[in-house]
Structure formats: C-alpha cells, structure tokens
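The values are calculated or read from the model by the stated rules, or taken from the named source; none is laboratory data. All figures in this text were calculated on a predicted structure; none of them were measured in a lab. Using ideal geometry, Cβ is built from the backbone for each residue, glycine included, and neighbour counts are taken over all protein chains shown. In case anyone asks, the SASA skips ligands and DNA or RNA and just uses the protein heavy atoms, side chains included. Shrake-Rupley method; radii C 1.70, N 1.55, O 1.52, S 1.80 Å.
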Amino acid sequence: MQPKHLTTHQFKYLPRALLVASACLAVAAHAATPQELLATYSGQAQAPASPSRGQQFFTNTHGGEWSCASCHGAVPTKGGKHASTGKAITPLAPAFNPERFTDPAKVEKWFRRNCKDVLTRECTAAEKADVLAWLLSLKP
Amino acid sequence: MPNMPHLISRQAMRLLNLLGLLVGLGVATAAWADDDRQARQLPLLPAYQQECASCHIAYPPAFLPAESWRRLMRTLPTHFGSDASLDTETAAAVSDWLSSHAGTYKRVRETPPEDRITRSRWFIKKHDEVPAAAWARPAIKSAANCSACHPQAEKGDFNEHRIRIPR
C-alpha cells in the first residue's frame, strides 16, 4: 500500500494523507447498531418508542397510494418487491438481514425518500423510532 | 510549501478512486454497439451502482443519450413518481460519468419521451414480439423491470438467447 515514489520530503505528510483516506472511508462506512440508532431517534423524539405504533404506521397508507408495506411487505421478515419496478428488496427487519440499520447515512437517505413517497413529508424522529422499535421486535 | 498537504491529499484521493474502481470492476455492463450482440464490457462507477440500482437495475449508460441522463440527474427528487434525491456532489459525479458513457450510436442519439429507455424507438422495435398483456403480468410489472425477462440484465447482458418471459 506504501507508494514507493514518495520522497522523504513528501513522506512527512504521509500520515496526514492516510488520515484523510481513512477519515473518508470511516464516513463512507460509519457503522452503528440498530439499537444505537433507535436510542438516537428516541432521544431526539424525547419519548420512548412504541413497536405497536410502529407497525400501524408501517402498514397505513396515510391517505396516499403506498404504505411502507407496499414495497417492504406487511411483515418485513421476508423480502419485498418495489411497488412500481418489481425489483426485489431484501428483508428490512435486522434479525433477518444484518446489514439493515447499520449505516446511519443510508438509513437517513431512505427514510427521507420513502417517507416523502408515502406521506409527502419527511418522517419525524418519533415515527422513525416507532418503526425501528417494531422492526427490532421481529424475531426468527 | 503550503501546497504540499494539498498535493498529498490528492494522492490520497487517487488511492480512494483506485479503491472504488477495484470495487466497481466486479460489475460490468454492455454498451449498445452497432451490433446488439457485440456487448462491450464497461465497469460501472461505484457511485452509480450504489445510488441507481436499488429501485431497479443499473441501466446501461449507452441506452440513453447524454442529454437524457443529465436531465434525469437534475430532477431526482421527482423521479418517475419517486423521490430519488441525492446529495449534489454524488449527483454531479454520477451525471458526469453517465453522460460521458452515454449512447452515441444513431438509434440512441435522440432523446426518448420522458427520457425513458422503454419509450425509445429502438426499444419498442426490439420488443414488438412481446405480447402487450405480458408487460402487466405480476412477475414483470413494468417494461422497466428488464431483469424479469433478461436474467443477466444486472450484468449488462441482454442477449436474445437468454431471454425468458415469465408467465
């Protein structure tokens, strides 16, 4: 990995370069656990999350055409299917798909997009906490 | 001297790009050449694979002209009835990459209605054997769901010998 052509002059900046590189990688793959994310959202909402409210929220169409379940399935322990393109979607419940809710930036990006599609607005921290609490309650 | 950290961080960026390239190299796609059977393998930009292949396959850049790609990339928050919004930096990188690999062959040069591959004249012609009712079958849902009938579409392979229309 160490570039051979670096002169000693440049060499003293190498640690900084590696720092930049690793910082970028860390941002790209900033890891978290679903439990940590739940704690963050509940903290922002300043209220404990409710799994049953989360389930209701997830399966309700909120007056529009789609619910979260339209693409993720009513019980997202199995894979879903995109409601308009038909593309397969892997399970959303973390116990059935360990990659879920481990990348905060990805989670925020999809909450933003999908909430706008379903509710024509962004979800509140309380709604995100409820949904995540419900998803975490789904066990094999 | 004040330039030095700048220079080095460019090197770091190059390192990251290389890393990204290696990740992307695993996935290739075909380009729409003069001969449809002659598939050119093109490694996908990792950001394109990551951001544009969640709701549908990563469509081969050569299937639309640059103008269509640029317009699509400018209107992501209202993308065919879906919010596909991206941060401006990623959107710019993907847009540049798509337009530099866009279709230039004459069949692809004109922008199709809605900037849809599926409404291009060449697409309609190539698919005239597909019965109209087939597009709506639950296993297909949409003409944009290429992989329903082209099992290798994800890899950019649309070869007519591997087509399977689900019942």
Tell me whether region B:99-108 contains one or more residues that are crowded, with 17+ Cβ neighbours inside 10 Å, modelled with pLDDT of 95 or more and either within 14 Å of chain A (Cβ to nearest Cβ) or under 30 Å from A:Val118 (Cβ atoms) (or both). no
Which pairs turn up if I take residues in region A:81-96 that are under 22 Å from A:Thr33 (Cβ atoms) and within 13 Å of another protein chain (Cβ to nearest Cβ) and look for partners that are of a type in the set (Lys, Arg) and not in a loop (DSSP other than H, G, I, E, B) with beta carbon separation below 7 Å, at least 6 apart in sequence or on another chain? A:Ile89/A:Lys81
Condition broken by B:Ala139, with the remaining ones in (1) under 18 Å from the mean Cα position of the chain (by Cα); (2) outside any helix (DSSP H, G or I); (3) within 14 Å of chain A (Cβ to nearest Cβ) satisfied: (1)
Sort through B:Phe158, B:Phe123 and tell me the only one that's surrounded by 15 or more Cβ atoms within 10 Å (Cβ to Cβ) and assigned to a helix (DSSP H, G or I). B:Phe123
Those residues of region B:54-79 which are without any contact (Cβ under 8 Å) to a residue 60 or more places away in the chain and part of a loop (DSSP other than H, G, I, E, B) amount to B:Ser54, B:Cys55, B:Leu64, B:Pro65, B:Thr75
Condition met for B:Leu72 (aliphatic (A, V, I, L, M) and either more than 14 Å from chain A (Cβ to nearest Cβ) or open to solvent by 30 Å² or more (accessible area, probe 1.4 Å) (or both)): yes
